[in-house]
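Peer 1: Got a structure for you, questions after.
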Amino acid sequence: MTMRETINNWLYGSGPGRRLRLAYLRAARDFDRRTVKPATLNLALQGGGVLGAFTWGVLDRLSHERALQVKAITGASAGALNAALFISGFMTGGASGARHALKAFWTDIADASSFSAFMFSPMMMSAQQDLWRQAMTGAGAMSVNPLRATLAKTVDIDALRSPEAPALFVSATHVKTAKPRIFTNADISIDALLASACLPNIHPTVWIDGEPYWDGGFSANPAMAPLARIEADRTLLVRLIESGAEGLPKSGAEVDAYMKNLLFNRSLDEELARLQDEHPQMRDLDVIALGEYETKAQISNRPTPALIRSLHEKGERAAEDYLSRIRRAADASDDDGPEDPVAVTA
């Protein structure tokens with residue numbers, strides 16, 4: 001008997017070989033079922049300065065899930081930047097492209113923070129002081145937004161405008177009316193992204209179509225209504241900020257942090273309350289909350305490499321916990337039903 005005949009008899013006969021073959025066929029069938037009909041996911045990404053590195057970690061982990069199809073992302077401020085980076089990278093290089101774009105951006109932010117620490121050191125040379133003064137306006141905001149160059153090299157605007165791209169919703173605040181403007185794939189631009197992340201005490205006001213815009217977190221952090229119109233298996237909110245406090249804020253820093261959290265969270269709380277009354281599907285919103293993994297980091301913290309790395313790692317762990325919860329719920333509800341409603345293909 002030849003070696004091939006021996007192997008065939010072992011695989012196709014009775015006993016352990018046949019059981020191995022059946023196990024393989026079941027696994028292949030389950031894999032096919034998962035890839036043929038991926039679950040769909042809408043994402044809502046809240047803004048929050050350096051806290052956005054936590055969202056980077058969440059997206060990094062989700063991008064490894066092959067059975068998830070991201071249909072739409074809404075974001076404000078850092079959430080908008082993460083959304084644009086993710087979609088742009090995915091459209092040009094798949095899941096690994098999304099991870100690369102996000103990593104490149106946040107690495108630049110960390111490097112810039114290290115540079116600023118050097119610039120502001122007591123040993124700062126006079127030439128460096130002159131350079132810094134030239135970059136600042138009289139009001140204290142930078143006359144040139146350093147994010148522009150970083151975004152220009154990491155975000156592909158044409159990819160975001162592609163008809164095949166997941167829907168993108170980026171909020172910015174119209175200064176004159178204090179109302180949100182929602183930029184979509186068709187009208188997205190580097191200026192729109194800069195407007196969404198424009199803190200006026202730091203960055204220059206962004207003018208679009210002759211109108212001034214500031215950070216989207218002031219008016220829609222993020223805008224949730226667009227997701228209510230896009231059907232998906234799940235909607236996930238990555239929440240970086242919570243209103244209220246465990247105790248009475250006493251120090252100046254505690255009061256300042258409380259006021260910022262209140263300012264950047266109120267629009268989301270109000271919109272969610274309204275939408276959950278009007279759209280029943282929004283009541284089943286999934287939430288990953290930074291506060292369950294990190295309680296000390298604040299919006300105003302300097303984006304040091306150590307803090308960004310720590311937030312990224314916690315975001316990855318939070319996404320892993322989220323995926324595990326979904327899988328356990330799916331197993332408990334229907335052992336023979338469709339595979340987990342999670343993974344990312346656009």
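The values are calculated or read from the model by the stated rules, or taken from the named source; none is laboratory data. Because the structure is predicted, anything quoted here is derived from the model rather than measured. Here the Cβ positions follow ideal geometry from the backbone for every residue, glycine too, while neighbour counts run over all protein chains shown. Just so you know, the surface numbers come from the protein's heavy atoms only, side chains and all, with ligands and any DNA or RNA stripped out. Shrake-Rupley method; radii C 1.70, N 1.55, O 1.52, S 1.80 Å.
Peer 1: Can you pull out every residue in the range 260-270 that is out of contact with any helix residue (DSSP H, G or I) (no Cβ under 8 Å at 6 or more places or on another chain) and modelled with pLDDT of 75 or more?
Peer 2: ASN265, ARG266, LEU268, ASP269, GLU270
Peer 1: Open to solvent by 30 Å² or more (accessible area, probe 1.4 Å) and either closer than 17 Å to LEU62 by Cβ or within 15 Å of the chain's Cα centre (by Cα) (or both), is that true of ASP321? Outline the logic, then answer.
Peer 2: Numbers: open to solvent by 30 Å² or more (accessible area, probe 1.4 Å): yes; either closer than 17 Å to LEU62 by Cβ or within 15 Å of the chain's Cα centre (by Cα) (or both): yes.
In short, yes.
Peer 1: Which pairs turn up if I take residues in the range 53-65 that are of a type in the set (Lys, Arg) and look for partners that are part of a helix (DSSP H, G or I) with beta carbon separation below 9 Å, at least 6 apart in sequence or on another chain?
Peer 2: That search, which allows pairs on different chains as well, returns ARG61/GLY315; ARG61/GLU316; ARG61/ARG317; ARG61/ALA318; ARG61/ALA319; ARG61/GLU320; ARG61/TYR322; ARG61/LEU323.
Peer 1: If I ask for residues that are of a type in the set (Phe, Trp, Tyr) and at pLDDT 55 or above, which ones from the range 28-54 would you list?
Peer 2: Selection gives PHE54 alone.
Peer 1: Grab the strands (runs of 3 or more DSSP E) fully contained in the range 136-242, keeping just those with 2 or more residues being among the small types (Gly, Ala, Ser) and open to solvent by less than 30 Å² (accessible area, probe 1.4 Å).
Peer 2: 167-174
Peer 1: May I pose another question? If only one of ALA273, ALA319, ALA297 is in contact with a helix residue (DSSP H, G or I) (Cβ under 9 Å, 6 or more places away or on another chain), at pLDDT 85 or above, hydrophobic (A, V, I, L, M, F, W, C) and assigned to a helix (DSSP H, G or I), which one is it?
Peer 2: ALA319
Peer 1: How many of the residues making up the range 176-191 are basic (Lys, Arg) and over 14 Å from TRP207 (Cα atoms)?
Peer 2: Result for the range 176-191: 1.
Peer 1: Tell me, yes or no, whether the range 243-266 has at least one residue that is touching a Leu at 6+ places or on another chain (Cβ under 7 Å) and farther than 20 Å from LEU147 by Cα.
Peer 2: Yes, that holds for at least one residue.
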